[in-house]
Structure formats: C-alpha cells, structure tokens
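The values are calculated or read from the model by the stated rules, or taken from the named source; none is laboratory data. All values reported here derive from a predicted model rather than from experimental measurement. Note that each Cβ is placed from the backbone with ideal geometry, even for glycine, and that neighbours are counted across all protein chains shown.
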Amino acid sequence: MSLAQLRERIPLVNSWLLAAVFFCIPVQVAPAYLLSAAMLLLWLIEGDLRRKLRELAGEPLVWIVLGCYGVLLLSLLWSDDRGWGWQIMQRHRFFLLFPLYYSVARREHFGRYVGAFLASIALCEALAFYNWARLHYWPGLPEGIRVEKSPDDTAPFVDRIFYTPALALAGYLAGHRLLFDARTPGRRLVYGGLLATTTLNLLIAGGRAGMVGFLVLLALLAFQRFARRPVVAGSAAAALVAVVLVGGYHGSSYFRSRVDDAVDTYVHYRERPDSSVSLRLVYAMNALRVYAAHPLLGVGVGDYPKEYERVNATHTPQWTPAWNPHNHYLLVLTAAGLPGGIALALVLGYPLRRRAPADGRERIRRAVPVLMITICLFESYLLRSNVSMMYMLFTAALWRDASGAGPAQAAGRPPPAADRVTQGGARESRRRGLATRAAMPSSR
C-alpha cells in the first residue's frame, strides 16, 4: 500500500477509533488514552495539517474549550502548591484532546458513535443486573465484574459517581431514538427496552446526581416531543418524573434508603457531619467563603485544599476538610475567580445557546450541556475523567460540521474517493438520461 493510499484511508480508520473511544465512556478511561494517541499519530501521518489547523481555528468551540483550560493553567502562576495544581490540570486532559476529536469526527458517522456508546451501556447494564441479583437474591452465583468502592455498588467498571451520568445520557438517547428516529416496531422495541433497563439501572446504582440529571433530561425529552403544546409537555414531564420517583421509591429499597438519607441529612446536616449530603452543604458554604475572599482571580488551581482547610478550621472544624468543593462552578470560581467563571459559562453555555441546524440532532445538542449544567451542581464533573471525556466527545461529534456541508467541501478540497465514485456515477446517470431523451423521437 502506498503512502497516498494509506492517507486516503486514515479518516475512516480514525472515525472507527473515535467510536471505540465512545465505547470506553462507561468502562475505563485508560484505553481511551491509547486510542487517542493512535488517532493523533494517524492524524499527523495523514498530513494536510495547514487545512486541519485552519478548520480548528475557525471553530469557536475549540477556542472556548482550550481557553477554559488555559485560564485554569494560568492560575498556577499565583498558586503556592503547583504540584497539586498540576495534578488538577492533568484531570482536564480531555480538554486538550477536544480539537483532535473535533477534527477526526465525521458528521455522517454520528449514529455509529451513539451506537458504540449505547452498546457499551447495554453491556455494563447486563453486568450490573447480574451483580445486583448476586447481592440480593443469589449470593451463591460466581463473582461478577464489579467495582468495589461501596458494598452496594453494582456498576461493573466505575463507581456510581462516573457511571450514573453516563446512564442518564444513554437513557435520553434511547428515548430520543424511540420518539424521533425509530421507524419499525423492532427498533422501537429495542430502544424502549434500553430506556426501561437504563431507568432500572439508575434506580439500583444509587448515584443521586446522575438520577437528578436523568430526570431533567426526561422532562426535556417530553418538552421536545410536544414542542408546540407546552401544557401537554409539562403534564407529560411531570408524569414521567413522578412515575420514576414513586416507582423507584416503592420498588427499590436501595433507592428508598438513598432518598430518605438525603432528605434526613439535609434537614439535620449539623448532627450528621460524616454524611455525603451534609459534607456537600458544608463544602459549598466554605467554598463560597474562599471565593468571597478572592473574587477576582481566585486562590489558584493549586491552593484550594490549603485555603479550604484554613476556612474549615475557622467555621466548621467538626467537618473533614476537602480537596475539592464537589461543585464544578465553585471549583473554577475559587481556582480562577471571575475569568474562570466566564470560561466555564462558555464551555457549558455556548453549545446550549448556539444556533443549531434542524438536522435531527438539534435536540441532542441541547440535552448534552443541560445534563452537564445540572450534574456540575453536585460534583466537579469536568475533572472526573470519564464524564469529562463524555462531554468532550459528544460536543465534538455533535457540532462537527453542523452547518451541513461535508468537511471536505467546507474546506474547499475534493471529496473522498468513495464520494467521488458516487458523484461520478450520478453524473454518468444524468448524462445517459439526457442522451436517451435526445435520441427519442419528438412528440410534436
């Protein structure tokens, strides 16, 4: 195979590698780094770097994502503990990979990426249900694949902090395909079944942030389905949320215990300093105190633990100090102040407010940032590798060439060989048709 032939095939190979990275979202992040390294190498071998860089420079999202990373990186300059700050920056690696994903993604392969993600979720759900059955009904079954962070965790590869946001998005995507894309009874059955199993998996997984995100997306899906009938949409959204909550509360003892614990802790958080809910309330209050003392530029991405420990010792000494506020808005505000807040608002808000073409994906383009905006209230999710990767991947794939023109044509270069063959065949058919009509006797 010549180098020219290899370069011609690289875009297709890289698109398959990107689909494999989508498959990694609810599994493990380490293979995603290896796949991304292979993508980058092939991307460089393919050449035509000037055109690629020009495309990336013309996409506002690339500048927004890299700008947010840059603002946090800049805050290392006024951090005393730069070692810790660099550890936090390493948790934002997928910000740096966003341009690669955007450049590699192909608009016509978006269904492939979603399919890889949903297939991975289906696999994880099957393993999770097996773990749940072994924990509660058949303890004699062979031990399955299960993350061991909490005795009640059923997720196979990552704990509920990472797992349930992926489930929330998968449930929305299954519901979206069920309502808007499925054309046959068989497909409706598949996506309806996936939506049902994903909802059940969320109920047994125990991740409260992911469940809240899923309920928000479920309500959004109802409003998207009945976009011209707001009263019907509101009623459908309320009914769906109520069915999930009431059904889960009465049907799952684990879900009920998590809900009861959250409510009780919220009401009596001072008496329960070791509960996750009370800790989050205290983390938020103390993080606001840190930000109030450094509103313009923050304390620097490396100094949050030190500053928090000082504030905690003064105001809430009975609570354990934290290395992050478990709220991404507060994390960025305390680290980089007002510039950090603006950068984060653009990362999450620009894809939500940007005008989307009516190509069938405009609803998903709204849902992905809505999920992240919601769950970032409960955890610093953009530094949680699997969830950060999920947001960067879907944002890149959804907005790649969102204008509708192919990337090759948008860049002013010839289409790929396969497209040229198709277009050539179409032109030949048109020529034959014209010749046939010319040879026919005139009817006049």
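With respect to Leu77, is the statement that it is farther than 30 Å from Phe117 by Cα, aliphatic (A, V, I, L, M) and surrounded by fewer than 19 Cβ atoms within 10 Å (Cβ to Cβ) true?
Spelling it out, Leu77 is indeed farther than 30 Å from Phe117 by Cα, aliphatic (A, V, I, L, M) and surrounded by fewer than 19 Cβ atoms within 10 Å (Cβ to Cβ).
Regarding segment 303-314, can at least one residue be identified that is touching a residue at least 24 places away in the same chain (Cβ under 8 Å), over 14 Å from Ala284 (Cα atoms) and either touching a Ser or Thr at 6+ places or on another chain (Cβ under 6 Å) or surrounded by 22 or more Cβ atoms within 10 Å (Cβ to Cβ) (or both)?
Within segment 303-314, one or more residues are touching a residue at least 24 places away in the same chain (Cβ under 8 Å), over 14 Å from Ala284 (Cα atoms) and either touching a Ser or Thr at 6+ places or on another chain (Cβ under 6 Å) or surrounded by 22 or more Cβ atoms within 10 Å (Cβ to Cβ) (or both).
Of the residues in segment 208-245, how many are assigned to a loop (DSSP other than H, G, I, E, B) and basic (Lys, Arg)?
So the answer is 2.
Please go through segment 306-331 and pick out each residue that is in a helix (DSSP H, G or I) and in contact with a Pro (Cβ under 7 Å, 6 or more places away or on another chain).
Tyr308, Glu309, Asn312, Leu331 - these are the residues of segment 306-331 that are in a helix (DSSP H, G or I) and in contact with a Pro (Cβ under 7 Å, 6 or more places away or on another chain).
Pull up segment 272-331, narrow it to residues that are β-branched (Val, Ile, Thr) and touching a helix residue (DSSP H, G or I) at 6+ places or on another chain (Cβ under 6 Å), then point me to the one that is farthest from Arg384 (Cα to Cα).
Thr316
Quick test of your reading of the structure: Leu296 fulfils all but one of (1) assigned to a loop (DSSP other than H, G, I, E, B); (2) within 29 Å of the chain's Cα centre (by Cα). Name the failing condition by number.
The one condition Leu296 does not meet is (2).
Looking only at segment 355-369, count every residue that is within 23 Å of Ala166 (Cβ to Cβ) and acidic (Asp, Glu) and tell me the total.
Counting residues in segment 355-369 that are within 23 Å of Ala166 (Cβ to Cβ) and acidic (Asp, Glu) gives 1.
Is there a residue in segment 178-186 that is surrounded by 17 or more Cβ atoms within 10 Å (Cβ to Cβ) and basic (Lys, Arg)?
No; the residues of segment 178-186 include none that is surrounded by 17 or more Cβ atoms within 10 Å (Cβ to Cβ) and basic (Lys, Arg).
Given the conditions (1) under 21 Å from Met372 (Cα atoms); (2) modelled with pLDDT under 95, and given that Arg272 satisfies all but one, which numbered condition is not satisfied?
So Arg272 meets the others, but not (1).
Got at least one residue in segment 129-148 being acidic (Asp, Glu) and outside the structural domain of Ala343 (by TED's automatic domain parsing)?
yes
Does Tyr291 satisfy the condition of being of a type in the set (Phe, Trp, Tyr), surrounded by 13 or more Cβ atoms within 10 Å (Cβ to Cβ) and not assigned by TED's automatic domain parsing to the domain that holds Gly70?
When the stated conditions are applied, Tyr291 does not pass them.
A quick yes/no check of all residues on (1) under 18 Å from the mean Cα position of the chain (by Cα); (2) of a type in the set (A, V, I, L, M); (3) in a helix (DSSP H, G or I):
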position: Ala128; (1), (2), (3): no, yes, yes
position: Trp138; (1), (2), (3): no, no, no
position: Pro142; (1), (2), (3): no, no, no
position: Pro151; (1), (2), (3): no, no, no
position: Phe162; (1), (2), (3): yes, no, yes
position: Ala174; (1), (2), (3): yes, yes, yes
position: Gly186; (1), (2), (3): no, no, yes
position: Gly192; (1), (2), (3): no, no, yes
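Collect the residues in segment 1-60 that are farther than 15 Å from Leu100 by Cα and either assigned by TED's automatic domain parsing to the domain that holds Leu393 or surrounded by fewer than 17 Cβ atoms within 10 Å (Cβ to Cβ) (or both), keeping them in residue-number order.
Met1, Ser2, Leu3, Ala4, Gln5, Leu6, Arg7, Glu8, Arg9, Gln28, Ala30, Pro31, listed by residue number.
Take Ala155 and tell me if it is more than 26 Å from Ile373 (Cα to Cα) and buried (at least 22 other Cβ atoms within 10 Å of the Cβ).
For Ala155, the condition - more than 26 Å from Ile373 (Cα to Cα) and buried (at least 22 other Cβ atoms within 10 Å of the Cβ) - is not met.
Output the helices (runs of 4 or more DSSP H) that fall wholly within segment 342-429 and possess 1 or more residues being farther than 20 Å from Ala170 by Cβ and modelled with pLDDT under 85, or say none.
Once the helices (runs of 4 or more DSSP H) in segment 342-429 are filtered for at least 1 residues that are farther than 20 Å from Ala170 by Cβ and modelled with pLDDT under 85, what remains is 407-410.
On the basis of being assigned to a helix (DSSP H, G or I), modelled with pLDDT under 95 and not small (Gly, Ala, Ser), does Leu281 make the cut?
Here the answer is yes, as Leu281 does meet what is asked.
Please determine whether any residue of segment 260-268 is in contact with an Asp or Glu (Cβ under 8 Å, 6 or more places away or on another chain), surrounded by fewer than 19 Cβ atoms within 10 Å (Cβ to Cβ) and modelled with pLDDT under 95.
no
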